[in-house]
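Q: Before I ask anything, here is the structure I am working with.
The values are calculated or read from the model by the stated rules, or taken from the named source; none is laboratory data. Just so we're clear, the structure is a prediction, and the values are computed from it rather than from any experiment. With ideal geometry, Cβ positions are generated from the backbone for all residues, glycine too; neighbour counts draw on all protein chains shown.
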Amino acid sequence: MTFQIRGLEAEAFAPLFRLSDKDLESIGARRVYADEADAYPCRISLTRVPVGEELLLLNHVHQPTPSSPYRASGPIFVSRSATTGHYRSELAPILKDRLLSLRAYDGAALIVDAEVAEGETVIEVIERFLADPQVAHVDAHFARRGCFAARIERA
């Protein structure tokens, strides 16, 4: 099963980088600078940003269907310099070497299946989930902190 993983659109977040720290705080966001390698996964590029990179930490609605009891949002990092990453039939860098919670949703945004996986097992679970015709997409979350990582769809 061919799948694709696409980062969030950079243009949606660009205006936020022009806000002052006080204005960011008023909307529940924070400006941060990566102070260690491998600690800041950008949801736009789907990569880990280098030390010194400017990011915003903000709340993002990743499961927006208002009629679903699974409607959800949570914290994400987005990098100022990121361009939207696109990965086809391979894991995005932020999904490699991480314990992931994979959640399969149907067209009404209801959970059909879920599993925790890491390493090469992640691809096997994604392919199994997407082989089910009732699955519309799979959301990956970092299992330890629970944060949304990326959406996975059929290519």
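Q: Filter segment 94-108 for residues that are part of a loop (DSSP other than H, G, I, E, B) and under 16 Å from the mean Cα position of the chain (by Cα); which is surrounded by the most Cβ atoms within 10 Å (Cβ to Cβ)? Reasoning before the result, please.
A: Step one: list which residues in segment 94-108 are part of a loop (DSSP other than H, G, I, E, B), which gives 96-99, 106-108.
From the residues that got through so far, the ones that are under 16 Å from the mean Cα position of the chain (by Cα) too are 96-99.
Values: Lys96: 14, Asp97: 10, Arg98: 19, Leu99: 13.
Top of the filtered list is Arg98.
Q: Let me ask something additional. Return yes or no: is His86 surrounded by 15 or more Cβ atoms within 10 Å (Cβ to Cβ) and closer than 19 Å to Arg6 by Cα? Even if it seems obvious, please write down each step before you answer.
A: Details: surrounded by 15 or more Cβ atoms within 10 Å (Cβ to Cβ): no; closer than 19 Å to Arg6 by Cα: yes.
Here the answer is no, as His86 does not meet what is asked.
Q: Return the pair list, or none, for Cβ contacts closer than 8 Å from residues in segment 126-155 that are among the basic types (Lys, Arg) to residues that are assigned to a helix (DSSP H, G or I) and modelled with pLDDT of 95 or more, at least 6 apart or on different chains.
A: Within 8 Å, the pairs are Arg154/Leu130.
Q: Quick check, is Ser79 of a type in the set (S, T, N, Q), more than 24 Å from Arg154 (Cβ to Cβ) and buried (at least 18 other Cβ atoms within 10 Å of the Cβ)? Lay out the reasoning, then the answer.
A: Details: of a type in the set (S, T, N, Q): yes; more than 24 Å from Arg154 (Cβ to Cβ): yes; buried (at least 18 other Cβ atoms within 10 Å of the Cβ): yes.
In short, yes.
Q: So, in segment 104-155, of the ones that are of a type in the set (Lys, Arg) and at pLDDT 95 or above, which residue ends up farthest from Ile76 (Cα to Cα)? Write out each step before concluding.
A: First, pick out the residues of segment 104-155 that are of a type in the set (Lys, Arg): 128, 144-145, 151, 154.
With the extra rule that they be at pLDDT 95 or above, the set shrinks to 128, 151, 154.
On the way: Arg128: 27, Arg151: 13, Arg154: 23 Å.
It comes out as Arg128.
Q: Might you check whether a residue that is buried (at least 20 other Cβ atoms within 10 Å of the Cβ) and acidic (Asp, Glu) occurs anywhere in segment 117-138?
A: The answer is no; no qualifying residue exists.
Q: Let me ask something else. I need every pair where a residue in segment 1-23 that is over 17 Å from Glu54 (Cβ atoms) has its Cβ under 6 Å from the Cβ of a residue that is among the acidic types (Asp, Glu) and surrounded by 13 or more Cβ atoms within 10 Å (Cβ to Cβ), sequence separation at least 6 or different chains.
A: Hits for this filter: Met1/Glu127; Gln4/Glu153.
Q: Let me ask something else about it. Do any residues in segment 59-80 that are within 13 Å of Gly107 (Cα to Cα) have Cβ atoms under 7 Å from those of residues that are loosely packed, with under 15 Cβ neighbours inside 10 Å and of a type in the set (D, E, K, R), where the two are at least six apart or on different chains, and which pairs are they?
A: Here the result reads Gln63/Arg71; Pro64/Arg71; Thr65/Arg71, each pair linking segment 59-80 to a residue that is loosely packed, with under 15 Cβ neighbours inside 10 Å and of a type in the set (D, E, K, R).
Q: Which residue is surrounded by the fewest Cβ atoms within 10 Å (Cβ to Cβ), if the candidates are limited to segment 24-61 and must be on the phi > 0 side of the Ramachandran plot and small (Gly, Ala, Ser)?
A: Filtering segment 24-61 down to residues on the phi > 0 side of the Ramachandran plot leaves 28, 38, 46, 52.
Those left that are additionally small (Gly, Ala, Ser): 28, 52.
Working: Gly28: 10, Gly52: 8.
The selected residue is Gly52.
Q: Based on what the data block shows, is Ile111 surrounded by 19 or more Cβ atoms within 10 Å (Cβ to Cβ) and of a type outside the set (Gly, Ala, Ser)?
A: So Ile111 does not fit the description; no.
Q: In addition: Out of all the residues in segment 114-143, which are out of contact with any Asp or Glu (no Cβ under 9 Å at 6 or more places or on another chain) and assigned to a loop (DSSP other than H, G, I, E, B)?
A: Residues satisfying the conditions are Glu120, Pro133.
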